[in-house]
1. Which part of region 366-406 falls in the paramagnetic zone of residue 349, meaning amide N under 15 Å from the point 7 Å along Cα-to-beta-carbon?
2. Beta carbons within 10 angstrom, averaged per residue: use that to sort the peptides 20-27, 205-212, 355-362, highest first.
3. Where is the GNM fluctuation largest for the chain (alpha-carbon springs, 10 angstrom cutoff): 195, 257, 368?
4. Quick one: work out the % antiparallel among DSSP beta bridges in the chain, nearest 5.
5. Could you report the chain's accessible area per residue, 1.4 Å probe, as an integer in Å²?
6. Once the piece of chain linking residue 324 and residue 43 is laid out straight, how much longer is it, given 0.36 nm per residue of separation minus the C-alpha distance between them?
7. Which whole-Hz ³J(HN,Hα) couplings does region 189-197 yield from phi under the Karplus relation 6.51 cos²θ - 1.76 cosθ + 1.60, θ = phi - 60°, glycine and proline marked x?
8. Which entry is the computed Kirkwood radius over Cα pairs in Å for this structure: (1) 26.0; (2) 21.5; (3) 24.5?
Amino acid sequence: MPQTITDRLIEFKGAQVPTNAAEMMRLSLYDWAACGVAGAREVEFDRFKSAQMAAHTGTQTILGGGSASGPTAALINGTLSHALDYDDTHFAHIGHPSVAVVPAVLALCEQTGADLHTLMEAATIGVEASILVGLWLGRDHYQVGYHQTATAGAFGAALGACRVLNLDETHTRHALGLCASMASGIKAQFGTMAKPLNAGLAARTGVEAALWAMSGMTAAQDGLAGPLGFGPTHHGQGADVDLPPDEAWRILDISHKFHACCHGLHAMLEALRESQLKRDDVGTLHIHTHPRWMSVCNIADPQTGLAAKFSYAQTAAMTLLGHDTGTIASFTDQITQDSEIMDLRTRITITDDARLTETQSEIAVQLKDGTTRHLRHDLMAPMTLETRAEKLRGKAAALVGPEQAETLWHSAQGDTLRGFTDQLVMS
């Protein structure tokens, strides 16, 4: 019989991680930690965090301080690290890989006494697996309303957890089958606190599925791809996805965020930033974007700072007026009611354009002198690991302060898990 996606994931669990994939994962681990520490400072999640820790006591580390059981630590850390929507993404996966996978493998590495090297390998396997599942589910799954950070991410978290626990083929198969009954998350939550919760739920699902399978819980032999499985019942396209060749894992195409808002806005924002246009230059702005983003980050009249992170018109106006979209503090409820921004939003139109890829944006700027400027940016333009690292260190410094960013950097480059987790509790 031909291999299903489940068969390929089980085979992939034991793969040797290439050096370049591990190096990219190191950068994503650092970025995840900086986003998580900063996210833990968001007071709106304090009661959620406290209630979960009180109900599920344990010893696993919680971002910003505290501890809980493994599954609950994964839930809280996944939620907090996605709270700012500033973590890494993958455009083929159509989701945020690290926020689902890293909290799951971190919780189990702490539980089993594993080192940071084990965490890195398991996280790389899990992230790559979530990308594979995302590709397998395809655009139909996403477009109908599922949030692939939560769905594909849960399967990546489960496989990464199975790697940490060194589960055999049979137990891994059951873990993926159990995950199929739990993986969930919808795009209707975008712009609310439940969007980051989707990531936390995926991380918790990964931990629970692996632990339950290890304890003897069984499931369908192919709950992911089999008849009436997750894919067939959740609008999965069932695309033919091969395991990655050595040195060409798909994790290498991860895109890190350098604006504190939805990644669908970033190509547009980079184009505007490169143009150095100011509000006084601009008559009207006509933004062209891939059709996918029209239902994701095109809130026309945002009323909160969180909703502003999903608005072309709002973030374009902020950029033209000199507000720093790379700074979390820029996205407040008050900025959505700024009279200058509201006026400028009325002169911005957004059009879907199937010619463009999901990483591209084009802008036609009608200047007040009557001329037109055409801007364009592609987020997939090549970037060296060294340049990426430098940009991520700058981003982390803005998020958590230069001193903590530096200590986080060195701990993420080491091999001591405790040295890394000690930095996560510093608020």
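1. What the label zone holds, given the 15 Å backbone N cut-off, is 366-367.
2. Values: 20-27: 20.8, 205-212: 28.2, 355-362: 18.4.
Put in order of decreasing packing, that is 205-212, 20-27, 355-362.
3. 368
4. Details: 20 of 25 bridges.
Beta bridges within the chain, antiparallel portion: roughly 80 percent.
5. Working: 16020 Å² over 427 residues.
About 38 Å² of surface per residue is accessible.
6. Values: separation 281, 0.36 × 281 = 101.16 nm, distance 2.21 nm.
Full extension of this stretch gives 98.9 nm more.
7. 7, 4, x, 10, 5, 6, 5, x, 4
8. It is the one labelled (2).
The values are calculated or read from the model by the stated rules, or taken from the named source; none is laboratory data. What you are looking at is a predicted structure, and each value in this text was computed from that prediction instead of being measured. Note that we place each Cβ from the backbone using ideal geometry, even for glycine, and neighbour counts take in every protein chain shown. Only protein heavy atoms, including side chains, enter the accessible area calculation; ligands, DNA and RNA are left aside. Shrake-Rupley method; radii C 1.70, N 1.55, O 1.52, S 1.80 Å.
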